[in-house]
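Trainee: Quick one: the structure is below, and I'll ask about it shortly.
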Amino acid sequence: MNTTEYTEISLRELRLRSGIALQTQTGLQDSPKEEARFLAAIDGKGVMLSHEGRTKLTVGTDYHVRGFTGQYDFHFSAPVLQTFEAPFAYALLAYPGAVRARKVRQAARMKVSLPASVRMQSKRVPTPATILDLSLFGAMFHSPAEVGGIGETIEIDVDFMFETEPVRLTVTSNIRHSHRAEPGGVHVGVSFGDVTTDDKLLLHYLAYSTTQADV
């Protein structure tokens, strides 16, 4: 379990990429958690987020934003300055003076290219995926379509040969971030849930036996 405390850093330090998925919630009581995407930020001026939820944003209302960069789990609150409906729904939030963040990347990830399948626990039909980087604590994979929202739980299956024997490794994971990939599909970053000692050995084997050299 990661016990790193949240500390205050600037939004700029997060180096957010345009398109990164965020979990959002208005400050109203019992408001639902919804999804948005980071579009851009102007230092000291504002933060632009695409609004993909059903809740109608109101100017002046506080908006709570949570996300994961692949290295930092972060959150901040800011009032809505303005909303727009065209050319798509998005909101301009006040630029936060500070962001609460904690560093959760616990190990270097190795570049790999591993065929896998991904499924939400509520669905039987898996989605094909390719794992792009891997560590004992998390991974990033490419999928042709969205596989779930930030914070949702999925299962990743990887079939491979271990000492001449076929093995299926299944890892329960939590989605931390998601962004559109080129030329298509999405890149999804996950952190692993409770992993057994045996599974950690298999993950270590996968990460180091299939590592690709940097291009």
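Trainee: Take residue 122 and decide whether it is part of a loop (DSSP other than H, G, I, E, B) and either surrounded by fewer than 18 Cβ atoms within 10 Å (Cβ to Cβ) or without any contact (Cβ under 8 Å) to a residue 12 or more places away in the chain (or both).
Mentor: On the way: part of a loop (DSSP other than H, G, I, E, B): yes; either surrounded by fewer than 18 Cβ atoms within 10 Å (Cβ to Cβ) or without any contact (Cβ under 8 Å) to a residue 12 or more places away in the chain (or both): yes.
Yes: the conditions hold for residue 122.
Trainee: Also: Of the residues that sit in the range 110-134 and are among the basic types (Lys, Arg) and within 18 Å of the chain's Cα centre (by Cα), which one is nearest to residue 206 (Cα to Cα)?
Mentor: Residues of the range 110-134 that are among the basic types (Lys, Arg), as a first pass: 111, 119, 123-124.
Right, trim to within 18 Å of the chain's Cα centre (by Cα) and you get 111, 119.
Values: 111: 11, 119: 20 Å.
My answer is 111.
Trainee: I've got another one for you. Being at pLDDT 90 or above, charged (D, E, K, R) and more than 24 Å from residue 50 (Cβ to Cβ) narrows it down to one residue among 199, 159; which is it?
Mentor: Selected residue: 159, the only one of 199, 159 that is at pLDDT 90 or above, charged (D, E, K, R) and more than 24 Å from residue 50 (Cβ to Cβ).
Trainee: Same structure again: Could you name every one of the strands (runs of 3 or more DSSP E) located completely within the range 1-90 that has at least 2 residues being touching a Phe, Trp or Tyr at 6+ places or on another chain (Cβ under 6 Å), among the basic types (Lys, Arg) and not assigned by TED's automatic domain parsing to the domain that holds residue 140?
Mentor: Output list is empty.
Trainee: Something else about it: Within the set of pairs 6+ apart or on separate chains, which have a first residue in the range 155-184 that is of a type in the set (Phe, Trp, Tyr), a second that is surrounded by 14 or more Cβ atoms within 10 Å (Cβ to Cβ), and C-beta atoms under 6 Å apart?
Mentor: Partner pairs satisfying both residue conditions: none exist.
Trainee: A further question on this structure: State the number of residues belonging to the range 141-153 that are within 14 Å of the chain's Cα centre (by Cα) and either under 27 Å from residue 32 (Cα atoms) or charged (D, E, K, R) (or both).
Mentor: Restricting attention to the range 141-153, the residues satisfying the condition of being within 14 Å of the chain's Cα centre (by Cα) are 141-143, 146-153.
Add one more test, that the residue is either under 27 Å from residue 32 (Cα atoms) or charged (D, E, K, R) (or both), and what stays is 143, 146-153.
Within the range 141-153, residues that are within 14 Å of the chain's Cα centre (by Cα) and either under 27 Å from residue 32 (Cα atoms) or charged (D, E, K, R) (or both) number 9.
Trainee: While we're on this one: Tell me, which residue of the range 125-151 that is assigned to a loop (DSSP other than H, G, I, E, B) and free of Cβ contacts under 8 Å to residues at least 60 places away in the same chain is surrounded by the fewest Cβ atoms within 10 Å (Cβ to Cβ)? Steps first, please.
Mentor: We begin by selecting, within the range 125-151, every residue assigned to a loop (DSSP other than H, G, I, E, B); these are 125-126, 135-137, 144-151.
Narrowing further to those that are free of Cβ contacts under 8 Å to residues at least 60 places away in the same chain: 125-126, 137, 144-148.
On the way: 125: 7, 126: 16, 137: 17, 144: 13, 145: 10, 146: 15, 147: 22, 148: 22.
Out of the qualifying residues, it is 125.
The values are calculated or read from the model by the stated rules, or taken from the named source; none is laboratory data. Keep in mind it's a predicted model, so treat the numbers as computed, not measured. Don't worry about glycine lacking a Cβ; one is built from the backbone with ideal geometry, like all the others, and counts go over all protein chains shown.
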